[in-house]
Amino acid sequence: MKKVLCFGELLLRLPPAHGGVWLKDNQMPVFIGGAELNVATALSVWGLPVKYFTALPDNIISKDIIAYLEEKKIDTSAIQLSGERIGLYYLQQGADMKSAENVFDRKNSSFATQKTGIVNWDEVLDDVSWFHFSAIAPAVSETAAALCAEGLAAAHKKGITISVDLNHRKLLWQYGKKAAEVMTALAKYCTVIMGNVWSANSLLEIPVDDNIHKKGQQLDYLLQATNTAKNIFEKFPNCKWVANTFRFDGNNDKIEYYAALNTVGEQSVSPLFKTESIVERVGSGDCFMAGLIYGIIQQHTLKNIISLAAGSAFCKLQEVGDATNNSIQHIQKIVNRFTND
């Protein structure tokens, strides 16, 4: 079986304890992640062969990171050793990635400064059947966006399946180009597009009903998902699968979560997952993306693909850290429980 290549920036996440306790205790945990690495980690846990592309400085910290990834059975041969620093971000445990409290420290990182015309894409893609990236990668810098475009063009030329997660990080798009301008040019290569109806609107200029929240019923959201998918299929003819997630956060960490998967002629919907407590929000969407890739590669039914993807994301809410360690068997058990409720 050929590999899934995940392309993006590796990040170290530092979660400072509330109230400055981390300063008093002189300690702070470190989690290794990044949207695409989280996908790669999940797929590796689930037994699929994966390769990871990023750029890291050539130093002892990078060597420790590469050894750590190899222990997780992630092929690191595509990692580029260049530049001067690893990207960091600070986010308190339990906070959402879109939170205003999220502090990025990744300017001029190795990934952000990796130039085009250097990577041997024929070699990188030789054993690859799937190329995955997220909207975070081209948001990092104009240079990173150009590198992403170069890699996608090479993958498309080889007939490789391409997927994108429409992660929208407003804090990152700071280099003078509109997010939609960049992402529309990249999405034309994609076979699988995942996100939600609002990120599709922001990043791909796909229409969304401004009154959708006033309607507020699941049927209304699912109709919007179908309309969003229809517009994506028309705008990006290479696309065959569109997934939209819906997560509603209430008081005291009460969450309702479900998702829809559309092909040109069909929509399938996951069970409705509910919880009143969560451990960590980080990486939930990445776990959904991994479940989507896994289900499609394993040629599951449309219903099973979307149920597994949504169940993977839901289960990740109960784990500390950026990437999942949940087995497919555990996730399927949770899916079955909510399917039968």
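The values are calculated or read from the model by the stated rules, or taken from the named source; none is laboratory data. Values in this document were obtained by computation on a predicted structure and should not be read as measured data. As a convention, Cβ positions derive from the backbone with ideal geometry for all residues, glycine included, and neighbour counts pool all protein chains shown.
Pick from N120, N167, N108: which is buried (at least 21 other Cβ atoms within 10 Å of the Cβ) and either out of contact with any Gly (no Cβ under 6 Å at 6 or more places or on another chain) or not polar (S, T, N, Q) (or both)? First the steps, then the outcome.
Numbers: N120 fails: buried (at least 21 other Cβ atoms within 10 Å of the Cβ); N108 fails: buried (at least 21 other Cβ atoms within 10 Å of the Cβ).
After applying the criteria, what remains is N167.
Can you give me the number of residues within the range 71-89 that are of a type outside the set (K, R) and within 18 Å of F31 (Cβ to Cβ)?
Keep residues of the range 71-89 that are of a type outside the set (K, R), which gives 71, 74-84, 86-89.
Now restrict to residues that are within 18 Å of F31 (Cβ to Cβ): 71, 74, 86-89.
Number of matching residues: 6.
Can you report the number of residues in the range 202-236 which are assigned to a helix (DSSP H, G or I), among the hydrophobic types (A, V, I, L, M, F, W, C) and surrounded by 15 or more Cβ atoms within 10 Å (Cβ to Cβ)?
9
Name the residue that is surrounded by the fewest Cβ atoms within 10 Å (Cβ to Cβ), counting only residues in the range 6-47 that are of a type in the set (S, T, N, Q) and at pLDDT below 90. Steps first, please.
The first filter runs over the range 6-47 and keeps only residues of a type in the set (S, T, N, Q), leaving 26-27, 38, 41, 44.
Checking the rest, the ones that are also at pLDDT below 90 come to 26-27.
On the way: N26: 6, Q27: 9.
Among them, the one singled out is N26.
Would you say T116 is outside any helix (DSSP H, G or I), among the β-branched types (V, I, T) and modelled with pLDDT of 95 or more?
Yes: the conditions hold for T116.
Any residue at all in the range 61-80 that's surrounded by fewer than 20 Cβ atoms within 10 Å (Cβ to Cβ), of a type outside the set (D, E) and touching a residue at least 60 places away in the same chain (Cβ under 8 Å)?
The answer is no; no qualifying residue exists.
Every residue in the range 216-226 that is touching a helix residue (DSSP H, G or I) at 6+ places or on another chain (Cβ under 8 Å) and either more than 13 Å from S268 (Cα to Cα) or not aliphatic (A, V, I, L, M) (or both), please. So that I can check it myself, show each step before the final result.
Step one: list which residues in the range 216-226 are touching a helix residue (DSSP H, G or I) at 6+ places or on another chain (Cβ under 8 Å), which gives 220-221, 224-225.
Across the range 216-226, the qualifying residues are D220, Y221, Q224.
Check E150 against each of (1) within 21 Å of D286 (Cα to Cα); (2) of a type outside the set (A, V, I, L, M, F, W, C); (3) in contact with a Phe, Trp or Tyr (Cβ under 8 Å, 6 or more places away or on another chain) and name the one condition it does not meet.
Single failed check for E150: (1).
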